[in-house]
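Asks: Sharing a structure below in structure tokens format, with a few things to ask.
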Amino acid sequence: MNRFMKQAYIQAQKAFKEDEVPVGCVIVKDGKIIARAHNKKEKKNSAIFHAEIECILKATKKLNNWNLKGCDMYISLEPCMMCAGAIVNSRIDNVYFGCKDPKGGALVSNIKLIDIKNINHYPNIEELYTEECSDILKEFFKNKR
């Protein structure tokens, strides 16, 4: 597993332990992690506290700039529509995700970001499939049923 995806997975494990959907994220600039986060929707009782949003907020604070050009995001699960919009608007260069989201994915699964015409930024997108990222989600939802 890629070393940055491993760090995103560690964040997903934290979410799992907190009874949150196990999604974790890191943002990297110049080969260094500048932000880490995991889902906190339940803890904060708000639909917007996805790992990607939390991580973008931390990275913009660290850099004192909303524009994250030159940054890469590693996320354990393919981002949803809301998070894809935040990625576009924050100008993240590259997005690497650990597994597809067949129900809510908005980069390649349900919505193909590159097919949306006339948006102001298109990040490079790559799936770095890892069984661990897929398995932790399966285990979480199996336990919920």
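Asks: Among S134, S90, S76, which is the only one that is surrounded by 12 or more Cβ atoms within 10 Å (Cβ to Cβ), of a type in the set (S, T, N, Q) and touching a strand residue (DSSP E or B) at 6+ places or on another chain (Cβ under 7 Å)?
Replies: On inspection, the qualifying residue turns out to be S76.
Asks: Can I ask one more? Just checking, which of E127, E78, E52 is farther than 21 Å from F16 by Cα, modelled with pLDDT of 95 or more and under 13 Å from the mean Cα position of the chain (by Cα)?
Replies: From the options E127, E78, E52, the qualifying one is E127.
Asks: Something else about it: It is to be established whether one or more residues within the stretch 110-132 are touching a Pro at 6+ places or on another chain (Cβ under 6 Å) and either among the aliphatic types (A, V, I, L, M) or at negative phi (or both).
Replies: no
Asks: Also, quick follow-up: So L68 clears everything in (1) in contact (Cβ under 8 Å) with a residue 24 or more places away in the chain; (2) part of a loop (DSSP other than H, G, I, E, B); (3) open to solvent by less than 10 Å² (accessible area, probe 1.4 Å); (4) closer than 22 Å to F140 by Cβ except one condition, right? Which one?
Replies: (4)
Asks: Can you pull out the residues in the stretch 93-135 that are without any contact (Cβ under 8 Å) to a residue 12 or more places away in the chain and either within 15 Å of F4 (Cβ to Cβ) or not in a loop (DSSP other than H, G, I, E, B) (or both)?
Replies: Within the stretch 93-135, I114, D115, E131, D135 meet the criteria.
Asks: Hey, can you tell me all the residues within the stretch 36-46 that are surrounded by fewer than 21 Cβ atoms within 10 Å (Cβ to Cβ) and either in contact (Cβ under 8 Å) with a residue 12 or more places away in the chain or acidic (D, E) (or both)? I'd like the intermediate steps shown before the answer.
Replies: Within the stretch 36-46, the first condition is being surrounded by fewer than 21 Cβ atoms within 10 Å (Cβ to Cβ), and the residues that meet it are 36, 40-46.
Within the stretch 36-46, R36, K40, K41, E42, K43 qualify.
Asks: Now for a separate question. Answer with yes or no whether I33 is surrounded by fewer than 22 Cβ atoms within 10 Å (Cβ to Cβ), outside any loop (DSSP other than H, G, I, E, B), at pLDDT 95 or above and among the aliphatic types (A, V, I, L, M).
Replies: Numbers: surrounded by fewer than 22 Cβ atoms within 10 Å (Cβ to Cβ): yes; outside any loop (DSSP other than H, G, I, E, B): yes; at pLDDT 95 or above: yes; among the aliphatic types (A, V, I, L, M): yes.
Answer is yes for this residue.
Asks: State yes or no: is K58 basic (K, R), in contact with a Phe, Trp or Tyr (Cβ under 9 Å, 6 or more places away or on another chain) and not in a loop (DSSP other than H, G, I, E, B)?
Replies: Numbers: basic (K, R): yes; in contact with a Phe, Trp or Tyr (Cβ under 9 Å, 6 or more places away or on another chain): no; not in a loop (DSSP other than H, G, I, E, B): yes.
Against the criterion (basic (K, R), in contact with a Phe, Trp or Tyr (Cβ under 9 Å, 6 or more places away or on another chain) and not in a loop (DSSP other than H, G, I, E, B)), K58 does not qualify.
Asks: Shifting gears a bit: For the stretch 80-87, check the following and say yes or no: at least one residue is closer than 22 Å to N143 by Cβ and either in contact (Cβ under 8 Å) with a residue 60 or more places away in the chain or of a type in the set (V, I, T) (or both).
Replies: Checking the stretch 80-87: not a single residue is closer than 22 Å to N143 by Cβ and either in contact (Cβ under 8 Å) with a residue 60 or more places away in the chain or of a type in the set (V, I, T) (or both).
Asks: If I filter the stretch 1-22 down to residues being without any contact (Cβ under 8 Å) to a residue 60 or more places away in the chain and in a loop (DSSP other than H, G, I, E, B), which single residue comes out as least open to solvent (accessible area, probe 1.4 Å)?
Replies: So the residue we want is E20.
Asks: Please tell me if S109 is farther than 16 Å from I136 by Cα, in contact with a Lys or Arg (Cβ under 8 Å, 6 or more places away or on another chain) and open to solvent by 10 Å² or more (accessible area, probe 1.4 Å). Talk me through it step by step, then tell me what you get.
Replies: Details: farther than 16 Å from I136 by Cα: yes; in contact with a Lys or Arg (Cβ under 8 Å, 6 or more places away or on another chain): yes; open to solvent by 10 Å² or more (accessible area, probe 1.4 Å): yes.
The answer is yes for S109.
The values are calculated or read from the model by the stated rules, or taken from the named source; none is laboratory data. Computed from a prediction, not measured in an experiment: that's the story for all the values here. For neighbour counting, all protein chains shown are included, and Cβ atoms are generated from backbone atoms with ideal geometry for every residue, glycine included. When the accessible area is computed, the model is the full protein with side chains, heavy atoms only, and any ligands, DNA or RNA have been set aside. Shrake-Rupley method; radii C 1.70, N 1.55, O 1.52, S 1.80 Å.
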